[in-house]
Amino acid sequence: MACFRTDVVIVGGGPVGLLLAAELAAYGVRTVVLEERAEVSGHPRATTLHARTGQILARRGHLPAPAWPLRSGTVSTPFHFAGLWGLDLTAAATEPEPLIKRPQADLERLFEARALAAGAQVLRHHRVSGIDRQGSGVTVTAEHPRGRAEFEAAYVVGADGARSTVRTLTAIPSDVTAPTMAAMVGVVRCDGAQAPEPGWHRTPRGRVVAKRTAEGRLHLRAVDCLRAHTDHRLPLGIEEFRREMSRIMGRDIAMDEPRWLSRFSDFSRLARTYRSGRALLVGDAAHLHFPIGAQGLSTGLLDALNLGWKLAFTVRGAAAPGLLDSYDAERRPAAARLLEQIHEQTDLMRPGRTPDSLEELAARRGAADAGAELERIGLTVSGQDAVLPPRSGQPSAWEGQFLTNRELGTDDGPTDVIRLLRDGRMLLLRFGSPGSARASGVPHALRHVLREVRAAPVAGWPRGALLLRPDGYVAWASDTADDLGGPLDQWLAPAGGAQAEAPASSSASMSAWISA
């Protein structure tokens, strides 16, 4: 049995696992992805990236930055809540569009290409069968067509979906809610006068969502809001799918040539912790919910973007104590809030409970200002309402806030926040006249994880300095910026640390293994 040593093993090569691999490898962390599938799935899956996900992906260089010079104002995109249209998702014009359409398969290919280019290894046809955790690391056993292999690493990350093997083998407990709805999805040939028009359809028997594919087929989802599947694992055939679609729509709907059929429900799961020692969870392995609002993919990618730099800094010995634990402290509450929001949406979908408009929904909530309430809902759906818990003992009002992209005048010329964050380091912005003499506040040993830039003052921002995390959230702010020692110690190891978390060099050639 072959044995390999690396820094991090990621189990699961979907978009979340591959994005995490790209992030870690870009920081110089030796990363191996183990994936059962032979190739990227062509089945239609998620296609939506919400605003905060797109904003952080742009800061990490995975999406294009807004064109220069930056525009002013805001951009809005219409969206829905529980199938009720009238919501406006907005973002500053200095940011990416508030709603980005990218098929999940395209994102998987993008993230895999970036991971491979940065040095990560992606091993397909590998099914994880065992995880042995010791004090100094983990050993992951995987079955493959040529036999079995072991991977010794400092950490293992489960990005392996709802039936996560990592979650099961590491005995991480979850809180679950039983399903109450029965839903089906399929891509079929469905033409003629009886075919559902693209859009949302609400009937006394449930909901149907229809949209045309590029090939002219219909991508259909049928939701029975009053009952759950007897067994959601049973195979779904075209005749059962046709009967259910016809029953909910109240008319006979002919269909044939199914490309893909599946069942799902409003079953939900939330892991009680996202970290158990040297095992961590991301994406559907950590949280699962009914896919209304297209928030699942975005939430999983935000997990990867939050964990990536923290795990990389930890492996490289540059992280302050407790930094890796902040992944659970920040992302698990965000998932809990999302599950509450999804539960509210599914409850509104039940017959007799659905308001006629979002304004009626706001009135039901007792909102004095319907517009303000709908704006709040839009920020929640798009992930832009998140404020992170502070790490310092006396945080300013800025700490934990997301810093909106702005144009900056620096010693090296005009730029913006997104472009300054793209190298993956924390960013210390010190404000004053560009070119003014000022000693660097960054210890030499930390310059591989922290960048200092002098910039002209920005109206409405702190007068002294801002310390930004690689994901664009404010880590610290001050109007004076005289003493940086305390703030830096909250995030980074004082002396820059050493790569003590990583196992020793490989005991076998990974490149030989891949090419065999």
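The values are calculated or read from the model by the stated rules, or taken from the named source; none is laboratory data. Everything numeric here is computed off the predicted structure, so don't read it as measured data. As a convention, Cβ positions derive from the backbone with ideal geometry for all residues, glycine included, and neighbour counts pool all protein chains shown. Just so you know, the surface numbers come from the protein's heavy atoms only, side chains and all, with ligands and any DNA or RNA stripped out. Shrake-Rupley method; radii C 1.70, N 1.55, O 1.52, S 1.80 Å.
Per-structure values
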read-out: FRET efficiency, residue 146 to residue 39 (Cβ-Cβ, R0 22 Å, nearest 0.05); value: 0.75
read-out: Efficiency of FRET from Cβ geometry, residue 168 and residue 407, R₀ 56 Å, rounded to 0.05; value: 0.70
read-out: Only Lys, Arg (+1) and Asp, Glu (-1) charged, at Cβ; segment 207-292 dipole about Cα centre in debye; value: 420 debye
read-out: Normalised alpha carbon radius of gyration of segment 305-383 [divisor 2.2 N^0.38 Å]; value: 1.61
read-out: Computed helical MRE - 222 nm, the chain, DSSP H runs ≥ 4 contributing -39500 (n - 2.57), nearest 500; value: -7500 deg cm²/dmol
read-out: Ranked by how many other beta carbons lie within 10 Å on average, peptides 62-74, 287-299 from highest; value: 287-299, 62-74
read-out: Positive dipole terminus of the chain, leading residue within 464, 402, 241 (C-beta point charges); value: 241
read-out: Qualifying trypsin sites (Lys or Arg not before Pro) in segment 213-299, DSSP loop, other Cβ atoms within 10 Å at most 13; value: 227, 233, 251, 272
read-out: Value of relative contact order over the chain, rounded to a whole percent, pairs C-alpha under 8 Å and six or more apart; value: 18 percent
read-out: Placed amide H near residue 180: partners under 5 Å, 5+ positions off or other chain; value: 266, 267
read-out: Karplus-derived 3J(HN,Hα), 6.51/-1.76/1.60, for each residue of segment 267-277, Hz, glycine and proline x; value: 3, 10, 9, 9, 4, 6, 8, 8, 9, 10, x
read-out: Folded to 0 to 90 degrees: helix 238-249 orientation relative to the chain principal axis, Cα; value: 80 degrees
read-out: In sequence order, calculated HN-Hα J values of segment 376-393 (Karplus, 6.51, -1.76, 1.60; Hz; x Gly/Pro); value: 5, 4, x, 5, 5, 4, 7, x, 8, 8, 5, 10, 7, x, x, 9, 7, x
read-out: Segment residue 175-residue 459, length gained on full extension (0.36 nm per residue, minus Cα span); value: 97.7 nm
read-out: 0 to 90° range, to nearest 10: angle between helix 15-26 axis and the chain longest Cα axis; value: 10 degrees
read-out: Length added when fully stretched, residue 243-residue 337, from 0.36 nm per residue minus Cα-Cα; value: 30.3 nm
read-out: Solvent exposure of segment 327-486 as accessible area per residue, Å², 1.4 Å probe; value: 45 Å²
read-out: Nearest-0.05 FRET efficiency for residue 273 and residue 433, computed from C-beta distance (R0 51 Å); value: 0.60
read-out: Sequence-distant residues sharing a close amide H with residue 33 (under 5 Å, placed H); value: 10, 121, 122, 123
read-out: Semi-axes of the equivalent ellipsoid for the chain, Cα gyration tensor, largest first, Å; value: 40, 31, 20
read-out: Spin-label model distance (nm) - residue 67 vs residue 489, 7 Å beyond Cα toward Cβ; value: 4.9 nm
read-out: Cα-based convex hull volume of segment 91-167 per residue, rounded to whole Å³; value: 177 Å³
read-out: Share of carbon and sulfur in the accessible heavy-atom surface of segment 282-330 [1.4 Å probe, %]; value: 55 percent
read-out: Selection from 480, 388, 343 lying farthest towards where the dipole of the chain points positive, charges on Cβ; value: 343
read-out: Amide H within-cut-off set for residue 130, under 5 Å, with H built and near neighbours excluded; value: 141
read-out: Within the accessible area of segment 100-254 (1.4 Å probe), percent carbon and sulfur; value: 51 percent
read-out: Theoretical gain in end-to-end length, residue 447 to residue 226 [0.36 nm per residue, Cα-Cα removed]; value: 73.8 nm
read-out: Å² of accessible area per residue within segment 1-116, as computed with a 1.4 Å probe and no ligands counted; value: 35 Å²
read-out: Per-residue ³J(HN,Hα) for segment 141-157, Karplus 6.51 cos²θ - 1.76 cosθ + 1.60, θ = phi - 60°, Hz, x for Gly and Pro; value: 9, 9, 8, 8, x, 9, x, 9, 9, 10, 10, 8, 8, 6, 9, 10, 10
